[in-house]
Structure formats: C-alpha cells, structure tokens
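Worksheet for the structure shown next.
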Amino acid sequence: MPDITPEGFTLVLVLTGAGVTVSAALIAALILILKRVPAIGTAIDNDKEGFASIILAAILVIYAFVATTPHPDAFNGFAAFLAFVGIAGLASGAHTAAPASVRKALSGKATT
C-alpha cells in the first residue's frame, strides 16, 4: 500500500491501480465542472464528454509518466498505457453509463 501522507501523495499514484480509479473520478468531476463554464460547456456538451475524458486522461498519464519515470523502457511504457486505458475507460464510462436524466441534472441544465 502506498504512503498516504502528503509527502507520499505524488504523481506516481496516477500510474497505479488505485490511482486509475481516483484519476478517472477526478476527470469525470472536472468535466462536470467545465460543463458549467459558458464558453467551455457548450463545446463539451452534446455527448462529447467521452472524447474530453480521453484527452484529459492522455494528458494526465503522459505528464505523470514523464515526471515520474527516470528511465523509460517498454515495461514502464506499457504500464502507462494500461493506466491510460483504465482512466479513459472509467472516466468516459461514467458519462455514457449514466441515464440521460442524470447527465442532464449533472450538466446544470435541469429544471425544477
């Protein structure tokens, strides 16, 4: 189990199994927040959340990989690829699996 102290909370966690789940949740939440920003929200809306999830997952994994891997090799690259697949799949799946009424409510466009 990784060290959960503030000193132990590093980008390397993104590339672990637990970090994949947390990263996907953060990306899904970030997309929901960005959908409420007028200029960005209209670009992300209309079922483009999955694409935004893939882009954000790629940026996060590439950054974490470059920042935490002193000697990249095929094994590390494959681990980073698996982290990307997990994060992108979970984050985009959160948007596609939710019913339309839930997506509408989370987008801030629900009416009472």
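Each reported figure results from applying straightforward, stated rules to the coordinates on display, with no laboratory input. No experiment lies behind these values; they were computed from the predicted model shown. So basically every Cβ, Gly included, is an ideal-geometry build from the backbone, and we count neighbours across all protein chains shown.
Here are a few things to note about the model shown:
- Sub-8 Å Cβ pairs linking a first residue in the stretch 14-41 that is surrounded by 14 or more Cβ atoms within 10 Å (Cβ to Cβ) to a second residue that is charged (D, E, K, R) and part of a helix (DSSP H, G or I), at least 6 apart or interchain, are 31/49; 35/49, ordered by first then second residue.
- The stretch 69-88 - residue that is more than 18 Å from the chain's Cα centre (by Cα) and not hydrophobic (A, V, I, L, M, F, W, C) and, of those, farthest from residue 11 (Cα to Cα): 73
- Pair list, Cβ under 8 Å, 6 or more apart: the stretch 64-78 residue outside any helix (DSSP H, G or I), other residue surrounded by 10 or more Cβ atoms within 10 Å (Cβ to Cβ): 69/76; 69/80; 72/65
- Enumeration of residues in the stretch 13-41 that are over 15 Å from residue 57 (Cβ atoms) and under 10 Å from the mean Cα position of the chain (by Cα): none
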